[in-house]
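Asks: The structure is given below, and queries will be raised subsequently.
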Amino acid sequence: MAVAAGERPTSPQPTATIGELYLAQGHRREAIAIFQRVLSADPGNLRAREALERLRVLPPRATIRAREVPDRAEQ
């Protein structure tokens, strides 16, 4: 994509693929930052969420769901 004279190029959007590349190269902190930015922009991004779960930055979704669903005995 060409940038017209006088226009500023937009900064690239982080993607889960970029985070995975950072992780594969051993750059854990950078990968986590990318995955968090991806998830912030797109909360439904499963690749970023699962990567953060594997890195133990986020709790697994099953744990989150268990806390959100009240126990039937409590009702």
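The values are calculated or read from the model by the stated rules, or taken from the named source; none is laboratory data. Remember, predicted model here, so these are calculated numbers, not experimental data. Here Cβ is always computed from backbone atoms with ideal geometry, including for glycine, and neighbour counts include all displayed protein chains.
Residue-by-condition table, conditions (1) in contact with a Cys (Cβ under 6 Å, 6 or more places away or on another chain); (2) at pLDDT 95 or above; (3) in a loop (DSSP other than H, G, I, E, B):
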residue: Met1; (1), (2), (3): no, no, yes
residue: Ala4; (1), (2), (3): no, no, yes
residue: Thr10; (1), (2), (3): no, no, yes
residue: Gln13; (1), (2), (3): no, no, yes
residue: Tyr22; (1), (2), (3): no, yes, no
residue: Gly26; (1), (2), (3): no, yes, yes
residue: Ala31; (1), (2), (3): no, yes, no
residue: Ser40; (1), (2), (3): no, no, no
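Asks: If you don't mind, there's one more thing I want to ask. Within the set of pairs 6 or more residues apart or between chains, which connect a residue that is crowded, with 16+ Cβ neighbours inside 10 Å inside the stretch 30-56 to a residue that is part of a helix (DSSP H, G or I) and β-branched (Val, Ile, Thr) with Cβ atoms less than 6 Å apart?
Replies: Taking only residues 6 or more apart or on different chains, the pairs are Ile34/Ile18; Asn45/Val38; Ala48/Val38.
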